[in-house]
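Heads up, the thing below is written out as structure tokens.
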Amino acid sequence: MLKKKKIQVNKDGTRRGLSNVAVQMIAFGGSIGTGLFLGAGSTIHRTGPSILLVYLIIGGFFFLMMRAIGEMMYSDPDQHTFVSFIRKYVGSRLGKFAEWSYWLELILVANAELIALSTYVKFWFPHISAGLVQLGFWAVLTGVNIAMVSSFGHSETFLSGIKIFAIIALILVGIYLVFTHHQNPAGTHASWGNLTNNFTMFPNGFHQFIMAFPMVFFAFQGMEFVGITTAETKDPKHVLPKAVNQIIFRILLFYIGSLLVIMAITPWRSLNPSQSPFVQIFTLAGLPAASQVINVVVIAAAMSTLNSSIFSTGRHLYQLALESHAKPMKPFTKVSTNGIPIVAVLFSAACMLFAPIISAFNTLSAAFTFIASVSSDIYILVCILTMVAHYKYRRSIDFQNDGFKMPGYKWSNPLTIAFFIAIFVSLFFSHESLLPAIGAIIWAIAFNLLLKRDNDNGLSVKTL
């Protein structure tokens, strides 16, 4: 009889119950979601086959950021969130800005996923209460997160597995259609030549090509969840480098592979940008229930993102509480007997219950959309600060020369920072993203001015 391996318990009571597979699935859960299954048609419509280059470039820079996060987490695997390094190496004020902004951004993402889930369920049950659906999903996934860390890992593996299965199915079906030279209803044929026929780098202009970058950038958002699992991962010194090095290539494989197949099956200009390209391709393949199947997949995708958000916000708030000396933050340091930061998880999950209220009022829905867009833009600022923290870590006494080092950091780190800044600047050149980008700047300035005022009044940032 095999002896069950004992789960390591950290000094703070949390447990290292996540395997390498679970950690990678968490990253998949965060970064492969409805943006691919529903929104890929819109990005293809902007640039055509050139979108593959956009994904490759952004994927490369996200890999560099993940290596930077991985290096810092490897040096201190007891940290519950990678954002804590910003406070440690950049400064208390900017650290607090990044920590609270990132936590808020994840809360808003979770609320958005809850709203989306009720929309997907209404595809089958149009008369069901949106609030009831949202409460149901929220209760189930919150229950999973307060059980055991391994329960979360198993659930995320299952949900991410559904998404991966759908992408593999699309790729295999697509390859079959190409090799059989499948004729579409419009009279076109599936062929690799659809990628190169009448190819132009900027079919809708250079501006549309540039504006595709922030859209694709946000599609990769969530990959950094790996940097929130380390403190509860089995053998992190072994798992972390493996997970970081493998995840980017697998995500690129799934993104690039699915986009290649989609544009090979039918000329990209014939795709409807407002409809899921997955539904369109499976319909062309003769699957009458394509929309039904993809609806199941997007429900799994939204559940996966919500599941990861509950986990991440709980750990994030727990880390904030550990670093704070304020009395109101003390309850959030409580860890349950099964190793879960229970109060931090439950409070963060409770903040996601704004979704039913938002769904009930159209004016609130419009306001929420704007606030969520502002928060997403702030995410870019957090990425920039993360890279600055890594650069300063490399020049600190904490640097481990034999650690899991970011390759060529002297050029790769500044280059990544410059790229992220360029992504943020590009937001100001589109009327759709201009106001949220301004909102992100206002939030950053106001938050830091508030902290400065408190410091001038004799309050330490560390107590907040």
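Could you tell me whether any residue of the stretch 331-346 is touching a Ser or Thr at 6+ places or on another chain (Cβ under 6 Å) and modelled with pLDDT of 90 or more?
So far as the stretch 331-346 goes, yes, one or more of its residues are touching a Ser or Thr at 6+ places or on another chain (Cβ under 6 Å) and modelled with pLDDT of 90 or more.
Starting from the stretch 311-332, take each residue that is among the aromatic types (F, W, Y) and list its partners that are outside any helix (DSSP H, G or I), counting only C-beta distances under 7 angstrom and pairs at least six apart or across chains.
Qualifying pairs under 7 Å: Y318/H80; Y318/P341.
Hey, can you tell me all the residues within the stretch 190-217 that are without any contact (Cβ under 8 Å) to a residue 60 or more places away in the chain and either under 28 Å from V298 (Cα atoms) or hydrophobic (A, V, I, L, M, F, W, C) (or both)?
Passing the criteria: only F206.
Here is a list of conditions, (1) surrounded by fewer than 22 Cβ atoms within 10 Å (Cβ to Cβ); (2) small (G, A, S); (3) under 30 Å from W138 (Cα atoms), and A285 meets all of them except one; can you say which number that is?
Going through the list (1) surrounded by fewer than 22 Cβ atoms within 10 Å (Cβ to Cβ); (2) small (G, A, S); (3) under 30 Å from W138 (Cα atoms), A285 breaks only (3).
Among the helices (runs of 4 or more DSSP H) contained in the stretch 315-411, which hold 1 or more residues that are of a type outside the set (D, E), closer than 25 Å to N111 by Cβ and over 24 Å from the mean Cα position of the chain (by Cα)? Please lay out each step first, then the result.
Numbers: elements: 342-350, 354-360, 362-394.
Ranges flagged: 354-360, 362-394.
Search the stretch 392-449 for residues being of a type in the set (S, T, N, Q) and either at pLDDT 95 or above or under 24 Å from K237 (Cα atoms) (or both), and hand back the single one that is surrounded by the fewest Cβ atoms within 10 Å (Cβ to Cβ).
The extreme case among them is N401.
Test of understanding: among G187, G193, G222, which residue is farther than 22 Å from L64 by Cβ, small (G, A, S) and touching a helix residue (DSSP H, G or I) at 6+ places or on another chain (Cβ under 9 Å)?
After applying the criteria, what remains is G193.
What are the residues in the stretch 120-135 that are surrounded by fewer than 16 Cβ atoms within 10 Å (Cβ to Cβ) and either under 17 Å from L353 (Cβ atoms) or of a type in the set (A, V, I, L, M, F, W, C) (or both), if any?
F123, W124, F125, I128, S129, L132
Could you list, ordered by first residue, the pairs with Cβ atoms under 7 Å in which the first is in the stretch 61-89 and small (G, A, S) and the second is assigned to a loop (DSSP other than H, G, I, E, B) and at pLDDT 95 or above, at least 6 apart or interchain?
Correct list of pairs: empty, since none qualify.
Going by what's in this entry, would T337 be described as out of contact with any helix residue (DSSP H, G or I) (no Cβ under 9 Å at 6 or more places or on another chain) and of a type in the set (S, T, N, Q)?
Considered against the rule, which asks whether it is out of contact with any helix residue (DSSP H, G or I) (no Cβ under 9 Å at 6 or more places or on another chain) and of a type in the set (S, T, N, Q), T337 comes out as yes.
Of these, T119, T157, T142, which one is without any contact (Cβ under 8 Å) to a residue 40 or more places away in the chain, part of a helix (DSSP H, G or I) and not charged (D, E, K, R)? Give the derivation first.
Values: T157 fails: without any contact (Cβ under 8 Å) to a residue 40 or more places away in the chain; T142 fails: without any contact (Cβ under 8 Å) to a residue 40 or more places away in the chain.
Among T119, T157, T142, only T119 is without any contact (Cβ under 8 Å) to a residue 40 or more places away in the chain, part of a helix (DSSP H, G or I) and not charged (D, E, K, R).
Within the stretch 246-255, can one find any residue that is surrounded by fewer than 18 Cβ atoms within 10 Å (Cβ to Cβ), among the charged types (D, E, K, R) and more than 29 Å from F158 (Cβ to Cβ)?
no
In contact with a helix residue (DSSP H, G or I) (Cβ under 8 Å, 6 or more places away or on another chain), polar (S, T, N, Q), within 26 Å of I26 (Cβ to Cβ) and at pLDDT below 80 - does that describe any residue in the stretch 232-254?
The answer is yes; a qualifying residue exists.
With respect to I146, is the statement that it is more than 30 Å from A440 (Cβ to Cβ), surrounded by fewer than 23 Cβ atoms within 10 Å (Cβ to Cβ) and in contact with a Ser or Thr (Cβ under 7 Å, 6 or more places away or on another chain) true?
no
The values are calculated or read from the model by the stated rules, or taken from the named source; none is laboratory data. The structure displayed is predicted, hence computed values, not measured ones. So basically every Cβ, Gly included, is an ideal-geometry build from the backbone, and we count neighbours across all protein chains shown.
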